[in-house]
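What follows is calculated from the coordinates using simple rules that are stated; it is not laboratory data. Just so we're clear, the structure is a prediction, and the values are computed from it rather than from any experiment. As a convention, Cβ positions derive from the backbone with ideal geometry for all residues, glycine included, and neighbour counts pool all protein chains shown.
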Amino acid sequence: MLAAVKTENSKEILLEDKPIPELEEDELLIKVQACGICGSDLHAFVHSRGYEFVDKPIILGHEIAGEVVGSGEGLQDSFIGKGVIVESMHYCGRCENCNSGRFSICETNKVIGLHFNGGMSEYVKTKRKYVKEIPDGLPATLASLSEPMAVAVHAVEKAGEIKENQLILVQGPGIIGFFIGLVCLAKGARVILSGLEKDYSTRLSKAEEFGMIPHRTNVDVLPEKVDLLFECSGSPAAVTEGFKQLKKGGKAVFVALYEQTVELFLTDLVRNEWPIITSYGCNPSDYETALEVLKRNQHELQEIISYYPLGQINEAFKDSLSQSVLKAVLEI
């Protein structure tokens, strides 16, 4: 099979011939049809702080959709021939957190495409329990976005009840911030999506088409303080600025991962009773909601995706790093 391999020293991803993965008893073989490029893939690509655990060479990719074409010996599986997505987080199902339904913080969590080979290849294998069927009528190219949408669904659920007409500020116009805004809009909230001035043409203007209010940091002024803040930018400066926009008693949900240390003056948080809520990854159940949201909005969402064949993977990574596209998806 053809696979996209990131090595330790190469500044590019190399296309190599690799053997099709051999299956264990509880595994399925998937012919990959689409694989999204995630921020985590970009961090691993440039060797960002916090991604030292990614052993290279590795096949990246955890936003995977495709068709099941094989199963492990003795596994009579109903998924054969069906379109599926692969959950990114491979939880143990036995630890204290898994037993309490907190699969995203499993004590031994492993992420496909970061801890072991992922889906930027013609075939990928995974355990059966991490596979979910794609609903009828949803193309694989869009179903590959179920992972970032599930992350957004998880973050919104962590925030608690979203009330109609609440004013919500989402900082960071990447795909996670975009999807969080979309989920909040569906709950009747007013959503402001903020980014840099350079983000307007490629990202914020698209959010405006969906009904969000675009906000250019250091250019526009917010009309009022917000009820809820989702921090998705990963910028320490944005963290400080975000709290300035939050009402007393409002909530702050942190979804981004940070390469630098963030300093907070905790007295301000105490005096304003601002709880800090963190949201990491997603649970298996979040995918069900995510697939529903994608199917409901599939025609509009096609407009935000930029498609690349596997042979143009380096161009896809380059465009993603420069933020000249909102979401890059490899068609394989």
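Which percentage, to the nearest 5, of the DSSP beta bridges contained in segment 33-117 is antiparallel?
90
Suppose the chain between Leu23 and Leu266 were pulled fully straight at 0.36 nm per residue; how much longer would it get relative to their current alpha carbon spacing?
Values: separation 243, 0.36 × 243 = 87.48 nm, distance 5.10 nm.
So the chain would gain 82.4 nm between Leu23 and Leu266.
Using 0.36 nm per residue of separation minus the Cα-Cα distance, give me the extension gain between Arg102 and Leu321 in nm, one decimal.
Full extension of this stretch gives 75.7 nm more.
What does DSSP give for the chain in terms of the percent of beta bridges that are antiparallel, rounded to the nearest 5?
55
Taking Cα pairs under 8 Å and at least six residues apart, what relative contact order does the chain come out at, in percent? Can you show the working numbers first?
Values: 716 pairs, mean separation 62.0, N = 332.
Dividing the mean separation by the residue count of the chain yields 19 percent.
Tell me which chymotrypsin sites (Phe, Trp or Tyr not before Pro) from segment 16-112 have a DSSP coil assignment and no more than 14 other beta carbons within 10 Å of their own.
The qualifying sites are Phe53.
Of the peptides 116-122, 226-232, 289-295, how do they stack up when ordered by the mean number of other Cβ atoms within 10 Å, highest first?
Working: 116-122: 24.1, 226-232: 26.3, 289-295: 20.4.
Result, highest mean Cβ count within 10 Å first: 226-232, 116-122, 289-295.
Could you give the size of the charge dipole of segment 160-278 about its Cα centre, using +1 on the Cβ of each K and R and -1 on the Cβ of each D and E, expressed in debye and rounded to the nearest 20?
200
Given R₀ = 35 Å, what would the calculated FRET efficiency be for Glu209 paired with Ser48, taking r from the Cβ atoms and rounding to 0.05?
With a Förster radius of 35 Å, E is 0.65.
Quick check: Cα centre of segment 86-164 to Cα centre of segment 1-47, how many Å?
17
Dipole of the chain, Cα-centred, from +1 at each Lys and Arg C-beta and -1 at each Asp and Glu C-beta, to the nearest 20 debye?
820
Between Lys198 and Glu73, take the C-beta separation as r, use R0 = 41 Å, and let me know the FRET efficiency to the nearest 0.05.
0.15
Which whole-angstrom value gives the distance between the alpha carbon centres of segment 191-219 and segment 250-309?
16
If you add up the charges near Ala3, with Lys and Arg at +1 and Asp and Glu at -1, over every other residue whose beta carbon is less than 9 angstrom from its beta carbon, what do you get?
-2
State log₁₀ I(q)/I(0) for segment 22-66 at q = 0.18, 0.20, 0.22, 0.23 Å⁻¹ as given by the Debye formula over alpha-carbon point scatterers of equal weight, solvent excluded.
Evaluating at q = 0.18, 0.20, 0.22, 0.23 Å⁻¹ gives log10 I(q)/I(0) of -0.68, -0.77, -0.85, -0.88.
Okay, helix-only estimate at 222 nm for the chain: each DSSP H run of n ≥ 4 adds -39500 (n - 2.57), divide by all residues, round to 500 deg cm²/dmol; what do you get? All intermediate terms of the calculation are to be shown ahead of the outcome.
On the way: 11 runs with 87 residues, N = 332.
Using -39500 (n - 2.57) per qualifying helix, the result is -7000 deg cm²/dmol.
Using 1/(1 + (r/R0)^6) with R0 = 30 angstrom and r between the beta carbons of Glu12 and Leu257, what's the FRET efficiency to the nearest 0.05?
Plugging the Cβ-Cβ distance into 1/(1 + (r/R0)^6) gives 0.80.
Which value results when the Cα radius of gyration for the chain is divided by 2.2 N^0.38 Å? Let's see the in-between values first.
Working: Rg = 19.7 Å, N = 332, 2.2 N^0.38 = 20.0 Å.
Ratio of Rg to 2.2 N^0.38 Å for the chain: 0.99.
What residue among Phe45, Met89, Leu269 has its Cα farthest toward the positive end of the dipole of the chain, where the charges are +1 on Lys, Arg and -1 on Asp, Glu, each on the Cβ?
Leu269
Mind listing which trypsin sites (Lys or Arg not before Pro) in segment 137-191 are in a DSSP loop and have 12 or fewer other Cβ atoms within 10 Å?
Hits after loop and neighbour filter: Lys163.
At 10 °C and 1.306 mPa s, what whole-number value in µm²/s does Stokes-Einstein give for the translational diffusion of segment 160-278, with Rh from the Kirkwood sum over Cα pairs?
112
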